[in-house]
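These notes are about the structure you will find just below.
The values are calculated or read from the model by the stated rules, or taken from the named source; none is laboratory data. Since we're looking at a predicted model, the values are computed, not measured. For neighbour counting, all protein chains shown are included, and Cβ atoms are generated from backbone atoms with ideal geometry for every residue, glycine included.
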Amino acid sequence: MKLLLPLLLLVFATTTIGQTPAAPEDDLISPSRPVPKGKAPNMQAKLVKDAPDEQVYSIVFYKGDEVLSGLTDFAIAHKISDAHFTAIGAVSSATLAWLNLPKKMYHRIPVTQQVEVVSLIGDIATYNGVPVVHMHTVLCRSDGSTIGGHVFELNTDPTVELFMTVNTTGLKKKADDASGMKLIDPTQ
């Protein structure tokens with residue numbers, strides 16, 4: 001027994017350190033997964049600055065609104081081709097992810113509890129003429145620990161308060177074969 005434990009620890013250390021743990025296939029999300037439409041029926045927006053070179057919107061999500069869907073709908077409706085945003089608030093659940101570059105897929109990070117949105121940042125640029133929202137978040141649990149990643153879903157409860165700056169010069173994305181993602185191309 002005394003020899004078995006160190007041997008098991010050695011085997012564990014040599015097979016797991018520095019390796020990415022395998023995820024079940026149902027935990028993988030494609031970077032090109034479509035964003036559902038119409039999932040933020042309570043969302044409200046107000047134009048708070050309208051200048052020749054930029055517009056600033058206050059966009060507020062309420063209980064039951066899904067943030068990525070609402071922002072995508074907002075960007076399409078307002079023909080937004082270049083924007084960046086920040087937000088804070090709280091959500092009842094979320095689907096976050098981290099990119100596994102060799103697989104060109106995201107690994108799902110489910111959040112199934114009430115959490116604070118301590119940071120939400122992102123941008124919007126177009127791909128094939130359609131606005132694409134890209135955002136990351138850090139969420140805080142009741143014990144103060146955090147979890148973060150790429151956002152695929154944020155279910156608002158009670159609110160997410162977002163400020164978006166829309167620029168007049170549009171940005172476009174291009175497909176990146178190495179990652180499987182669509183990346184902003186500042187040369188276009």
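Could you run through region 87-122 and say how many residues are within 30 Å of residue 178 (Cβ to Cβ), surrounded by fewer than 17 Cβ atoms within 10 Å (Cβ to Cβ) and of a type in the set (S, T, N, Q)?
So the answer is 2.
Residue check: is residue 143 over 30 Å from residue 49 (Cβ atoms) and either buried (at least 20 other Cβ atoms within 10 Å of the Cβ) or acidic (Asp, Glu) (or both)? It would help to see each step written out before you state the result.
On the way: over 30 Å from residue 49 (Cβ atoms): yes; either buried (at least 20 other Cβ atoms within 10 Å of the Cβ) or acidic (Asp, Glu) (or both): yes.
When the stated conditions are applied, residue 143 passes them.
Which pairs turn up if I take residues in region 76-88 that are farther than 13 Å from residue 54 by Cβ and look for partners that are assigned to a helix (DSSP H, G or I) with beta carbon separation below 8 Å, at least 6 apart in sequence or on another chain?
87/67
Counting only residues that are modelled with pLDDT under 95 and part of a helix (DSSP H, G or I), which one in region 15-74 is farthest from residue 161 (Cα to Cα)?
Across region 15-74, the extreme among qualifying residues is 15.
Output the residues belonging to region 125-167 that are among the acidic types (Asp, Glu) and free of Cβ contacts under 8 Å to residues at least 24 places away in the same chain.
Of the residues in region 125-167, the ones among the acidic types (Asp, Glu) are 143, 153, 157, 161.
Residue satisfying the conditions is 143 alone.
Could we say that residue 137 is surrounded by 13 or more Cβ atoms within 10 Å (Cβ to Cβ), β-branched (Val, Ile, Thr) and modelled with pLDDT of 95 or more here?
Numbers: surrounded by 13 or more Cβ atoms within 10 Å (Cβ to Cβ): yes; β-branched (Val, Ile, Thr): yes; modelled with pLDDT of 95 or more: yes.
Yes, satisfied.
Which of the residues belonging to region 75-96 are farther than 13 Å from residue 159 by Cα, in a strand (DSSP E or B) and β-branched (Val, Ile, Thr)? Quick ask: steps written out before the conclusion?
First, pick out the residues of region 75-96 that are farther than 13 Å from residue 159 by Cα: 75-86, 94-96.
If we keep only those that are in a strand (DSSP E or B) as well, we get 82-86, 94-96.
Result: 86, 95.
Pairs under 6 Å by beta carbon, first residue over 24 Å from residue 92 (Cα atoms) in region 49-70, partner of a type in the set (Lys, Arg), six or more apart or different chains?
56/49
Working only within region 160-169, note down all residues that are of a type in the set (Val, Ile, Thr) and crowded, with 18+ Cβ neighbours inside 10 Å. Explain how you work it out, then say what you get.
Quick first cut of region 160-169, residues of a type in the set (Val, Ile, Thr) only: 160, 165-166, 168-169.
Matches in region 160-169: 160, 166.
Return the pairs, sorted by first residue and then second, in which the second residue is in a loop (DSSP other than H, G, I, E, B) and among the polar types (S, T, N, Q), the first residue lies in region 168-188 and is more than 19 Å from residue 32 (Cβ to Cβ), the beta carbons are less than 6 Å apart, and the residues are 6+ apart or on different chains.
What qualifies is 170/81.
Select from region 97-113 the residues that are over 20 Å from residue 63 (Cβ atoms), aliphatic (A, V, I, L, M) and in a strand (DSSP E or B) and list them in ascending order.
Selection gives 97, 99, 105, 109.
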